[in-house]
Amino acid sequence: MSKRFSTLDTTRLLFDHPKILFRLIERMDRHEARYVRESDLVAEVMEYTRSLSGADRDRVRLAMNTDNLFRSGLVIDIIKAEGERRLVFQDALINLMRACNASLYQELTDARLRGHLVTLRDVRNRLETSSFSEADPDFTELRDDLNERVSQLIGLLRQNVLRMQTISAQFAELSGDASRAPEKFLEFRQNLLEQIVTLYERHIKPTLVFLNPDTRLPDGSNLFETLEAMVRLLETHGDHSLADQLFRSSLSLNALYKPIQAVAHEVEHFLRKTRRGMVQYNAMEHFYGKLRELKGETETLSLRRKWLEGGDFARSTGFLVGLRAQQRPKHHAFGNSPSYYQLLFSELDLRLADLRRKAEVPELQEVEGSGRAARVDVQRINQLYQWLETLELRPTNDLVRELHGRLDGFIPGYRFPDLLAALNRMVNTPPDGFQVVTTNRFRALETSQEATDTAEPPPEQFVYRKRRLELQAEKNHD
């Protein structure tokens, strides 16, 4: 009697050595087949096990033997055709292997998507004539079938989104020849266009149409109209729990439209690239793949591997050498809330008002000296106070920084002593309807004095206590 492994042991060995099935699945997808030729399986196993030790090599070869795979139930059928044996693996095993490798996710075609839509339409039609009674086994089976169909569709679409989001790596692989054979770039570009257009027309565009709630189909309702019809049926017959669940599922499906749309824009952008752009794109994707490999080493069962060990990568590329010595780039945050835009437009109105009053800005007399030792002329301060009387202000959490932004660039010869004078005026004589609240939080402003010679002026820093300008009717909160 030949040695055999149990289903559990065979499956464990398959996942201990996943590259065998990964390569077989890639070959299946490349030939658009639903089976694996036994000769391909044997060749792949022999090639893979050459580098293994004796004991491991024997175990893998025994586990991947056709008879062992069939007896353990991982191969459900063996077909003899055209003088060869073809193995049909369990769909559950193939799908699980695909889940372990995003590059093996299958792009959904128009035919598969329409198949799912037709199935959901059939469920809706059966639901219209259902009894909606928990005692009716036909209704309970129909409800379970509906949940399974919707969950399966969401899972397939999410896998499709993940697969398409890795399309950058696929583009890098396709554009690799652009950097190696510039004289054949025109021929390469033609072949590349054909492949990308096929990808777009066969996979991306059908998914966009399928997930678009405004799509009008000649043969019936679209996906979201079908789901909404079932939600209304369930609500009408009092099954609010299932109706809410189906409604949340429709929201999840609707949220998948934007990632697919972003992929479509990326494809269109890539098609417009020149050879130089493709070479740069390929280089970035190459090093990005290196970083992904380093990240993958942290995604193991070892709890000690939590950080990227990127020292060798940084030294070999030179990208990151000296990065810590550079200042971080300043970020500019943009929001989507109505209050954010209201604040933005208010600030623009105030700045435009300052520009319209540019002719009214007083010509302040320049004074000698700088910093805290500066002599501030009385006439200069009076002119500044007169201008402040006409200045339009709004509530702000940082009055000092607000005044600095309004005075800097508008007041000739503006310096920190002018800011101190303006702040002192605001604190002692607040504008009508406002009050100034002093907090215990500190902030800092930094600027440079104008140079009197060719030397660089030293930066001036002003550390101040944060003050808020509030309407008198508002309560003070810090």
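The values are calculated or read from the model by the stated rules, or taken from the named source; none is laboratory data. Treat the numbers as computed from the prediction; the structure is a model and nothing was measured. Ideal geometry is used to build each Cβ from the backbone, glycine not excepted, and the neighbour counts take in all protein chains shown. Note: areas computed on protein heavy atoms with side chains; ligands, DNA, RNA excluded. Shrake-Rupley method; radii C 1.70, N 1.55, O 1.52, S 1.80 Å.
The distance between label points at residue 284 and residue 4 comes to 5.5 nm (points 7 Å beyond Cα on the Cα→Cβ vector).
Work out how much length residue 307 to residue 444 would gain on full extension: take 0.36 nm times their residue separation and subtract the Cα-Cα distance, in nm to one decimal. Mind dumping the intermediate values first?
Numbers: separation 137, 0.36 × 137 = 49.32 nm, distance 3.47 nm.
Stretched out fully, the residue 307 to residue 444 stretch lengthens by 45.9 nm.
Distance between the pseudo-spin-label points of residue 96 and residue 436 (7 Å out from Cα toward the beta carbon): 7.1 nm.
Computed extension length for residue 262-residue 70: 64.8 nm, one decimal, from 0.36 nm per residue of separation with the Cα-Cα distance subtracted.
Each of residue 34 and residue 84 was given a label point 7 Å from its Cα along the Cα-to-Cβ line. The distance between the two points is 1.8 nm.
Considering the range 1-95 at the alpha-carbon level, its Rg and Dmax are found to be 12.7, 38 Å. Amide H to amide H distances under 5 Å link residue 466 with 439, 441, 442, 443, where only residues 5 or more positions off or on other chains count and H is placed in the peptide plane.
Taking 0.36 nm per residue of sequence separation and removing the Cα-Cα distance, the residue 245/residue 23 pair yields an extension gain of 76.1 nm. Residue 156 contributes an accessible area of around 40 Å² to the protein surface, as traced by a 1.4 Å probe with all chains present.
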